[in-house]
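Report on one structure; see the data block that follows.
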Amino acid sequence: MAGVAWAQHTGIAKVEVRIEQGPWREATLSQEVNRNTWRMWRTEVDLPTGVHQVFCRATDKSGYTKTDQRAGTVPDGATGWHNGTFTAA
């Protein structure tokens, strides 16, 4: 799995991924260009065949970790865990 995370003016310290209700696992981050750019991340998972749900959350360099509560970008930036459903073959 892979994705991108962004925390403008602060930078990304870590990204964590969770499958279903399993434990959070820290993803590997790409090298940071600067604190204002998107930060790529990736992680490898070994899953049984079937439908799975993935969640991810980022922690910025100030120590703030996104919560599961969704909010729009205005006025303080978006919150909420990103999630998706996929089928492993």
**Message:** Step by step: first the residues of the stretch 63-78, then only those that are of a type in the set (Val, Ile, Thr) and within 14 Å of GLU16 (Cβ to Cβ), then the one that is surrounded by the fewest Cβ atoms within 10 Å (Cβ to Cβ). Which residue is that?
**Reply:** THR67
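Please go through the stretch 10-35 and pick out each residue that is part of a strand (DSSP E or B) and among the basic types (Lys, Arg). Full working, then the answer.
Start the filter on the stretch 10-35 by keeping residues that are part of a strand (DSSP E or B), which leaves 12-19, 25-26, 28-29.
Across the stretch 10-35, the qualifying residues are LYS14, ARG18, ARG25.
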**Asked** Pick from the stretch 36-89 the residues that are part of a loop (DSSP other than H, G, I, E, B) and in contact with an Asp or Glu (Cβ under 9 Å, 6 or more places away or on another chain): which of them is farthest from HIS9 (Cα to Cα)?
**Response** THR43
**Message:** Taking the conditions exactly as written (exposed (fewer than 13 other Cβ atoms within 10 Å of the Cβ), of a type in the set (Asp, Glu) and either farther than 17 Å from ALA88 by Cα or at pLDDT 95 or above (or both)), does ASP60 satisfy them or not?
**Reply:** no
**Prompt:** Is it the case that some residue within the stretch 29-44 is touching a Lys or Arg at 6+ places or on another chain (Cβ under 7 Å), hydrophobic (A, V, I, L, M, F, W, C), surrounded by 13 or more Cβ atoms within 10 Å (Cβ to Cβ) and modelled with pLDDT of 95 or more?
**Reply:** yes
**Complete:** In the stretch 1-54, anything β-branched (Val, Ile, Thr) and closer than 20 Å to PHE86 by Cβ is listed as VAL4, VAL15, VAL17, ILE19, THR28, THR43, VAL45, THR49, VAL51, VAL54
**Asked** Taking TRP81, is it modelled with pLDDT under 90 and surrounded by 12 or more Cβ atoms within 10 Å (Cβ to Cβ)?
**Response** yes
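The values are calculated or read from the model by the stated rules, or taken from the named source; none is laboratory data. Because the structure is predicted, anything quoted here is derived from the model rather than measured. Cβ: placed from backbone, ideal geometry, glycine included. Neighbour counts: every protein chain shown.
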